[in-house]
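See structure below.
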Amino acid sequence: MLALKPSCEHCARALPPESPEARICSFECTFCRSCVEEVLSNVCPNCGGGFVPRPIRPREDRVGGNSVRRFPPSADSVHRPLDLERQAALVAVLGEIPPEAR
């Protein structure tokens, strides 16, 4: 089950569970859309993978008890601002490789 982390790991922008701005990699590293596009160049600084929009968990139980009320988002924020030089070097190596081929 996705943790639905509450904020961007780089800029600490709030990303509530219903936010269409949240992006995740396959390891659930969580960043806002702006950081993914403008700072990370779609290269995860933690694993080198790409990002996709984070799914939005339903607010209300409509099927089998599956809702944000029953499965609440994580309260644990991860805030680790990027080393921009390190990220630029990573993007230089991986940026031209499509995420599915990394």
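The values are calculated or read from the model by the stated rules, or taken from the named source; none is laboratory data. Note that this is a predicted model, so its numbers are computed, not measured. Here the Cβ is made from the backbone with ideal geometry for all residues, glycine too, and neighbour counts use every protein chain on show.
For region 77-102, a tally of residues being among the small types (Gly, Ala, Ser), under 13 Å from residue 44 (Cα atoms) and surrounded by 12 or more Cβ atoms within 10 Å (Cβ to Cβ) returns 2. State whether one or more residues within region 11-26 are surrounded by fewer than 18 Cβ atoms within 10 Å (Cβ to Cβ), free of Cβ contacts under 8 Å to residues at least 12 places away in the same chain, out of contact with any Pro (no Cβ under 8 Å at 6 or more places or on another chain) and not charged (D, E, K, R). No: zero hits.
Please indicate, with yes or no, whether at least one residue in region 27-49 is assigned to a loop (DSSP other than H, G, I, E, B), modelled with pLDDT of 95 or more, more than 25 Å from residue 98 (Cβ to Cβ) and of a type outside the set (Lys, Arg). No: zero hits. Taking the options 57, 86, 80, name whichever one is in contact (Cβ under 8 Å) with a residue 12 or more places away in the chain, over 18 Å from residue 3 (Cβ atoms) and among the charged types (D, E, K, R). From the options 57, 86, 80, the qualifying one is 86. Restricting attention to region 27-76, the residues that are buried (at least 20 other Cβ atoms within 10 Å of the Cβ), within 9 Å of the chain's Cα centre (by Cα) and β-branched (Val, Ile, Thr) total 2. A single member of 42, 46 is in contact (Cβ under 8 Å) with a residue 40 or more places away in the chain and not hydroxyl-bearing (Ser, Thr, Tyr), and it is 42.
Of the residues in region 57-73, not one is under 16 Å from residue 10 (Cα atoms) and at pLDDT below 95. Just the residues that are within 18 Å of residue 80 (Cα to Cα) and in a loop (DSSP other than H, G, I, E, B), please, taken from region 1-24. Selection gives 3, 4, 5, 6, 8, 9, 10, 11, 12, 13, 15.
So that you can scan it fast, the table gives a plain yes or no per residue for (1) among the polar types (S, T, N, Q); (2) within 28 Å of residue 94 (Cβ to Cβ); (3) touching a helix residue (DSSP H, G or I) at 6+ places or on another chain (Cβ under 8 Å):
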| residue | (1), (2), (3) |
| --- | --- |
| 6 | no, yes, no |
| 17 | no, no, no |
| 24 | no, yes, no |
| 27 | no, yes, no |
| 48 | no, yes, yes |
| 74 | yes, yes, no |
| 79 | no, yes, no |
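Residue-level analysis places residue 88 among those that are more than 13 Å from the chain's Cα centre (by Cα) and in a helix (DSSP H, G or I).
Looking only at residues in region 50-61 that are of a type in the set (A, V, I, L, M, F, W, C) and in a loop (DSSP other than H, G, I, E, B), the one that is farthest from residue 98 (Cα to Cα) is 56.
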